[in-house]
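The values are calculated or read from the model by the stated rules, or taken from the named source; none is laboratory data. What you are looking at is a predicted structure, and each value in this text was computed from that prediction instead of being measured. Glycine gets a Cβ as well: all are built from the backbone with ideal geometry, and neighbour counts include every protein chain shown. SASA here: full protein model, heavy atoms, side chains in, ligands and nucleic acids out. Shrake-Rupley method; radii C 1.70, N 1.55, O 1.52, S 1.80 Å.
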Amino acid sequence: MKRIGVLTSGGDAPGMNAAIRAVVRTGIGEGWDVYGIQHGYSGLINGDAVPLGARDVGGIIQRGGTMLGSARSPEFMTEEGRHKALQTLGNYQIEALVVIGGNGSQKGAYALSQMGFPVVGIASTIDNDLYGTDISIGVDTALDIALVAIDRLKVTASSHHRAFAVEVMGRDTGHLALAAGIAGGAEYIVVPEVETDPEDLATAIRSAYDRGKTHAMLVVAEGARYNAEELERYFAEHRAQVGFELRITILGYVQRGGAPGAHDRLLATRFGAAATEALVRGEHGVLIGLLCGEVATTLLSEVAANKKPLDQELLDLVNVLAR
Ligand code: F6P
């Protein structure tokens, strides 16, 4: 009989519950006990763990957020914190841990595995910035939420011949902004990875109007040097030269709070099952992700050491499509 633990950590993402459900039920299917650790790594340090049966994870697949709660734990960043976490795992006789989360969470998972504890990570973050997976749990739903906003803003932008900037999350990366901008038909996408000159941006918007467009939509990543507020300031200061008004909308946490769509429920379920399968094979110290359409494992050491590059093909498409 094996006993495993599962936790969700960092920013929540739609689909985390579906992943928890899959880990619990496939784990039980292997004849294991499964414990849910509450509030991420903080719960691991404080000893907040509960046994989860098949019924405990009923009715959650369609729910956003995470039934286990999530947290960012500064204490876990310290060696002392991580030792306390290992103690909790020992006290509960948990032999392996599944960590559902994004970059910071998987770095934590790697730290635990370096201390000799078997850990399997599951890629989950709306930022889609995790190395070792083409897409993470929560991205698809967050994109759909952003698109509802962008589509609506285009309507009002057209009525008023205004430019709109929509700011999406993504921390210090532009993966979410790039995908939202392409899918939303944005005229311009501003990401931290590419330097943006606001004057070029103003020129691009003016030329869009000159070509007969009734609106101009910019999608901006929160981590860009010129995020929505900075752009607003620039456009207000250069009103005379720019020749039109810019209105901004910052989507913020609304992108994280949706109910998971079909894509995220399926992805999370496949990832949860794959985490259990990896542990059955005796494979750990890895991240479960999706590479070229297949569920795949990548060493946590590689995940922690690498930055996921922006999709260059998508970047190249931005200008072509904004004609
Ligand atoms: O990593 C997910 C994310 O939503 C980022 O997009 C955002 O920058 C960050 O979390 C916000 O973090 P917090 O929930 O701690 O405010």
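Observations, loosely collected:
- Looking at the range 157-222, the trypsin sites (Lys or Arg not before Pro) that sit in a DSSP loop and have at most 12 other Cβ atoms within 10 Å of their own Cβ are Arg211.
- Cα centre as origin, Lys/Arg/Asp/Glu Cβ charges: the range 139-256 dipole, Debye: 460 debye
- Put Arg82, Arg281 in order of accessible area, highest first, and with a 1.4 Å probe you get Arg281, Arg82.
- Coordinate range along principal axes, alpha carbons of the range 236-323, Å, largest first: 66, 29, 25
- Per residue, the range 12-87 exposes 43 Å² of solvent-accessible protein surface, assessed with a 1.4 angstrom probe and all protein chains in place.
- Think of the chain as a dipole: +1 on every Lys or Arg Cβ, -1 on every Asp or Glu Cβ, centred on the Cα centre; then among Ile205, Gly5, Ala186, Gly5 lies furthest on the positive end.
- Solvent exposure of the range 111-199 as accessible area per residue, Å², 1.4 Å probe: 34 Å²
- Centroid-to-centroid separation of the range 276-300 and the range 52-100 [C-alpha atoms, Å]: 19 Å
- Put Met77, Met169 in order of accessible area, highest first, and with a 1.4 Å probe you get Met77, Met169.
- In the range 199-285, the portion of solvent-accessible area held by carbon and sulfur atoms comes to 49 percent [1.4 Å probe, whole percent, DNA, RNA and ligands not counted].
- Per-residue ³J(HN,Hα) for the range 287-299, Karplus 6.51 cos²θ - 1.76 cosθ + 1.60, θ = phi - 60°, Hz, x for Gly and Pro: 9, 8, x, 10, 10, 6, x, 10, 5, 9, 10, 10, 4
- Pairs of C-alpha atoms in the range 139-256 farther apart than 26 Å represent 11 percent of all such pairs.
- Lys, Arg +1 and Asp, Glu -1 on Cβ, resulting dipole of the range 167-233 about Cα centre, debye, nearest 20: 280 debye
- The residues Thr133, Thr297, sorted by heavy-atom accessible surface at 1.4 Å with ligands and nucleic acids left out, run Thr297, Thr133 from largest to smallest.
- Altogether, the Stokes-Einstein calculation at 20 °C and 1.002 mPa s, with the Kirkwood radius of the chain over Cα pairs as Rh, returns a diffusion coefficient of 105 µm²/s.
- His263 - accessible surface, heavy atoms, 1.4 Å probe, Å² rounded to 10: 80 Å²
- Point-charge dipole on Cβ atoms (K/R +1, D/E -1) for the chain, about Cα centre, debye to 20: 800 debye
- Using alpha-carbon coordinates, inclination of helix 103-114 to the longest axis of the chain, degrees: 30 degrees
- The chain - share of DSSP beta bridges that are antiparallel (%, nearest 5): 20 percent
- Stretch gain in nm, segment His161-His83, where the contour uses 0.36 nm per residue and the Cα spacing is subtracted: 22.2 nm
- Cut-off under 5 Å, modelled amide H: who pairs with Ala165 long-range: Leu218, Arg247, Ile248, Thr249
- Computed with every protein chain present, the accessible area of Asp56 is close to 80 Å² [probe 1.4 Å].
- Annotation note: GluC sites (Glu not before Pro) in the range 178-276 located in DSSP loop regions with a Cβ neighbour count of at most 11 within 10 Å are Glu195.
- Residue-span extension gain [Arg211 to Glu229] - 0.36 nm each, minus C-alpha spacing: 3.8 nm
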